[in-house]
1. What number of residues in the range 55-77 are farther than 26 Å from residue 10 by Cα and at pLDDT below 95?
2. I'm trying to understand the selection: among the residues of the range 50-60, which are farther than 16 Å from residue 143 by Cβ and surrounded by fewer than 17 Cβ atoms within 10 Å (Cβ to Cβ)?
3. For the range 118-141, give me the residue count where each residue is over 17 Å from residue 5 (Cα atoms) and either touching a helix residue (DSSP H, G or I) at 6+ places or on another chain (Cβ under 8 Å) or in contact (Cβ under 8 Å) with a residue 60 or more places away in the chain (or both).
4. Could you tell me how many of the residues in the range 20-46 are touching a helix residue (DSSP H, G or I) at 6+ places or on another chain (Cβ under 9 Å) and in a loop (DSSP other than H, G, I, E, B)?
5. Got a number for residues in the range 88-116 being touching a residue at least 40 places away in the same chain (Cβ under 8 Å) and under 18 Å from residue 44 (Cα atoms)?
6. For residue 125, are the conditions met, namely being farther than 12 Å from residue 82 by Cβ, out of contact with any strand residue (DSSP E or B) (no Cβ under 7 Å at 6 or more places or on another chain), part of a loop (DSSP other than H, G, I, E, B) and at pLDDT 95 or above?
7. If I ask for residues that are surrounded by 13 or more Cβ atoms within 10 Å (Cβ to Cβ) and farther than 20 Å from residue 63 by Cβ, which ones from the range 100-127 would you list?
8. Of the conditions (1) surrounded by fewer than 13 Cβ atoms within 10 Å (Cβ to Cβ); (2) part of a helix (DSSP H, G or I); (3) in contact with a strand residue (DSSP E or B) (Cβ under 7 Å, 6 or more places away or on another chain), residue 15 clears all except one; give me its number.
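The values are calculated or read from the model by the stated rules, or taken from the named source; none is laboratory data. What you are looking at is a predicted structure, and each value in this text was computed from that prediction instead of being measured. Here the Cβ positions follow ideal geometry from the backbone for every residue, glycine too, while neighbour counts run over all protein chains shown.
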């Protein structure tokens, strides 16, 4: 088994401008654009933790807490909060900043799960995680509960997919 790593070793931060092409008719950032940035930064955090290829396995509900406007920048922060044998949970928080006033607000957050891949794209074990700050400890301590909820949700989705796939409504 590989050596445990500190949460801070995976911490990744990126700040972006909101450009006109990234906005909707409300002059706020498209949710899909934000999701792309969240997936990118969380995959970097996951790779920093395991130092191998990773693949996105799931995303928990993304909570869009407030709009991010064209006059804002948005800062994404991601870090590994919990690990299984071959998977990692990454927390992503998004802070919007009004560049005219300096006001900052939490705009979104979510947990993404990644699987570490070795040669032949097969899952490989990942290092355990060592939380240090109060935020890291709170997120780590509740990680097992979120992992169990994901397993339950995945099993339900498999059953649902099996049930509806025989209907073939696309034909």
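1. 2
2. Listed by number, the residues that qualify are 51, 52, 53, 55, 56.
3. 2
4. Summing the residues that are touching a helix residue (DSSP H, G or I) at 6+ places or on another chain (Cβ under 9 Å) and in a loop (DSSP other than H, G, I, E, B) in the range 20-46 gives 3.
5. 14
6. Answer is yes for this residue.
7. Listed by number, the residues that qualify are 115, 116, 117, 118, 123, 124, 125, 126, 127.
8. Here residue 15 clears every test but (2).
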